[in-house]
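Asks: Before we start, here is the structure in question, set down as structure tokens.
Please treat every number below as a calculation from the coordinates, not as lab data. Treat the numbers as computed from the prediction; the structure is a model and nothing was measured. A quick note on method: Cβ atoms are made from the backbone with ideal geometry, for glycine too, and the neighbour counts reach across all protein chains shown.
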Amino acid sequence: MAEQQRADVAIVGGGIVGLAHAWYAARAGKRVVLFERSAQAQGASARNYGLLWPIGQPAGFLLQMALRSRELWIDLLNQCKVPMSATGSLHVCYREDEEAVGKEFCSLGPAQGYTCEWLDPQHTLEKCNALRQKNLRGAVYSPLEITVDPKAVLAEAPRLLKERYRMEIRYSSPVRRVEPPVVETSSEAWRVDSAIVCAGTDFETLFPGEFKTSGLLRCKQQMMRTAPQPDNWKLGPALAAGLSMRFNPSFQICPSLEGLKKRIASEMPKYDKWGIHALVSQTPRGELTIGDSHEYGQNTDFYDKAEIDDLILDYLDSYTSFNDRTIAQRWQGEYAYHPEKPFFLATPMKGVLAITGVGGAGMTLSLGLAERICKRFFE
Ligand SMILES: Cc1cc2nc3c(=O)[nH]c(=O)nc-3n(C[C@H](O)[C@H](O)[C@H](O)COP(=O)(O)OP(=O)(O)OC[C@H]3O[C@@H](n4cnc5c(N)ncnc54)[C@H](O)[C@@H]3O)c2cc1C
């Protein structure tokens, strides 16, 4: 084992939550070392849509955190020179109950902090020419949603942290012991004042006792991507529809949502069974990212299910038509979540903070969450 090196803070995990905390600590003037067990981060942060999606957050402190996070994201992306598509989002409505929820959301939402407007069919089609015209009743438009390439972020943010903030970053370095002042990997030992553990779905390795009683679970999702669409063709806003309205907690401010949920439960039970909604966004390379499903549990089934992909694509085809919807890639991702909390925080020992369970909103919330947590932790 090499001689101990020195830092103020050790971060465990090179996903977006780890990077967000590292960025905050580095800007606060701390000497930071970050450890990622793989040669590059391959967890949920690499496998997601890259959507910064404030419209999905419930009204109140999580929406405010998402909006603050968005400001920080724009700053980070500019510093890293990673492109973003600030296209906003559309929740398109083809059924009477979806229209009722959409209109209600646009009338109640602004007072709760949402930036949104109801578009009639003509204005909806002007925003996105991939939408089917037949039966289109309109859409909720929000200008705030941003799409980024998660892999570009995971490559460029560490570069920025190293070059501008002189951070030490160790890839292929699984951490096996966190007991400040000592943090140990298989090849190095570091002396630190504190450690922030952002290990995603790996609850068990470092603090098995804490996590046994935590209530944390895993959620598996199936995702797909097309080949790049023709040059110069742009999707415009990221697209969601009625299925997403029942899924995004933001729409819970609408009394009419119950009717929509009941209709989907009776008309489309398989979509409820697999927790499917059909979101689509476009990468900077022009591909369409399509998803997703939600299978919950302590140990989720590792087999992908052809039925789930078919259900997602059938629903997508019911409201969109693309030049080329041939699927070029399929993959699965898994995130940690807590059934009752929007994120999970633990202090397994003095000087150690463990943070995970940001669920399906980790990209959206990460930077705002890290700011909130670090402000208190470093006080
Ligand atoms: C398919 C999918 C789509 C999603 N889409 C979106 C979206 O569009 N918008 C959104 O806001 N959110 C989205 N999410 C959620 C979001 O991706 C996650 O909430 C977020 O990425 C979690 O980040 P994390 O850093 O906690 O976990 P991870 O990204 O899993 O990172 C944890 C890291 O810790 C490392 N690690 C673990 N143990 C150790 C150890 N002992 N030593 C060293 N390293 C270790 C792992 O190797 C891993 O790289 C999606 C999630 C999935 C799965």
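Asks: Given a cut-off of under 8 Å on Cα pairs at least six residues apart, what relative contact order in percent is computed for the chain?
Replies: That works out to 26 percent.
Asks: Over the stretch 267-379, what is the relative contact order in percent, taking alpha-carbon pairs closer than 8 angstrom and at least six residues apart?
Replies: It rounds to 15 percent for the stretch 267-379.
Asks: Right, another one. When averaged across all projection directions, what area in nm² does the alpha-carbon convex hull of the stretch 1-140 cover?
Replies: Mean projected area of the Cα convex hull: 11.8 nm².
Asks: Still on this structure, please answer the following. So how do 276-287, 211-222 stack up, highest first, on mean other-Cβ count within 10 Å?
Replies: Peptide ranking by packing, descending: 276-287, 211-222.
Asks: Cut-off is 10 Å between beta-carbons; in what order do Phe251, Phe344, Phe207 appear when sorted fewest neighbours first?
Replies: Phe207, Phe344, Phe251
Asks: Here's another thing I want to ask about it. What net charge is computed for the residues neighbouring Arg95, neighbours being all others with C-beta under 9 Å from the C-beta of Arg95, Lys and Arg scored +1, Asp and Glu -1?
Replies: For residues surrounding Arg95, the net value is -2.
Asks: Hey, another quick one. What ranking do 175-182, 84-91 get when scored by the average of other Cβ atoms within 10 Å per residue, highest first?
Replies: Result, highest mean Cβ count within 10 Å first: 84-91, 175-182.
Asks: Applying a 10 Å radius around every beta-carbon, put 362-370, 163-171 in order of their mean neighbour count, most first.
Replies: Top of the packing list down: 362-370, 163-171.
Asks: With N set to the number of residues, divide the alpha-carbon radius of gyration of the chain by 2.2 N^0.38 Å and report two decimals.
Replies: 1.00
Asks: What is the fewest-to-most order of Trp53, Trp274, Trp233 by other Cβ atoms lying within 10 Å of their Cβ?
Replies: So the residues, fewest neighbours to most, are Trp233, Trp274, Trp53.
Asks: Only Cα pairs under 8 Å and at least 6 apart count here; give the relative contact order of the stretch 198-306 as a rounded whole percent.
Replies: RCO, the stretch 198-306: 39 percent.
Asks: In the chain, which helices (entire DSSP H runs) extend 20 Å or more along their own long axis, judged by Cα positions, while averaging at least 0.0 on the Kyte-Doolittle scale?
Replies: Helix filter hits for the chain: 61-80, 306-319, 362-377.
Asks: Taking springs between alpha-carbon atoms closer than 10 angstrom, which of His338, His123, His294 fluctuates most in the Gaussian network model of the chain?
Replies: In the Gaussian network model the winner is His123.
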